[in-house]
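Bear in mind that the values in this text are calculations on the coordinates, not laboratory data. Just so it is clear, the structure is predicted and the values come from calculations on it, not from any experiment. In this analysis, Cβ positions are derived from the backbone assuming ideal geometry, glycine residues included, and neighbour counts consider all displayed protein chains.
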């Protein structure tokens, strides 16, 4: 089974919404041991827990979720090189891979760049609830976009 890397916004949904979490794990079972997050996502979640003043219950839920998920580091040469390539591509400045026709350049958040780079290097499908990675689908990574409606 192919590895899947979870975007930060998806992890927030898993922490906040029991129904979403239950339905998500029906589609993406934990027992396959193929769910991954970037260390960047771990940092983002901990920062959000402070900014959003999460209580002890939500923070414990986060640590409970990630105990069965691989946390992948970013300090590898391949991930650093992929970051540079994806950032240049997103800006329409990668000479050997221009953006498709009618697609405009875009600024990606730095944390999203690290997450996308990790997905690219480890050949994992990126699962997200937002559209920030759509322009990378099929070029740098495979994308699986989900919404709350997918799990009703």
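Between the helical axis of 77-90 and the longest alpha-carbon principal axis of the chain there is an angle of about 70 degrees. Largest GNM mean-square fluctuation among 44, 134, 26, using the chain with Cα springs under 10 Å: 26. Just 84, 47, 124 to compare: in a GNM of the chain, with alpha carbon springs under 10 Å, which one fluctuates most? Its mean-square fluctuation being the largest, the pick is 47. Considering all alpha-carbon pairs of the range 30-96, what whole percent are spaced by more than 13 angstrom? Result: 73 percent of Cα pairs exceed 13 Å. What share of Cα pairs, in percent, lie more than 14 angstrom apart in the range 63-111? Beyond 14 Å sits 62 percent of the P(r) for the range 63-111. Across every pair of non-identical alpha carbons in the chain, the mean reciprocal distance, once inverted, gives a Kirkwood radius of 16.1 Å. Packing order of peptides 94-100, 107-113, highest average first: 107-113, 94-100 (average count of other Cβ atoms within 10 Å over each peptide's residues). Just checking the listed ones, 126, 14, 30: in the Gaussian network model of the chain with Cα springs under 10 Å, the one fluctuating most is 30.
Compared with the dominant principal axis of the Cα atoms in the chain, helix 18-27 is inclined by about 60°.
Between residue 148 and residue 103, the FRET efficiency from the beta-carbon distance, with R0 = 25 Å, is close to 0.40. Reducing the range 86-129 and the range 6-69 to their Cα centroids gives an inter-centroid distance of 23 Å. Each stretch of four or more DSSP H residues adds -39500 (n - 2.57); spread over every residue of the chain, this sum gives -14000 deg cm²/dmol at 222 nm.
Between residue 18 and residue 95, residue separation times 0.36 nm minus the direct Cα-Cα distance comes to 23.2 nm.
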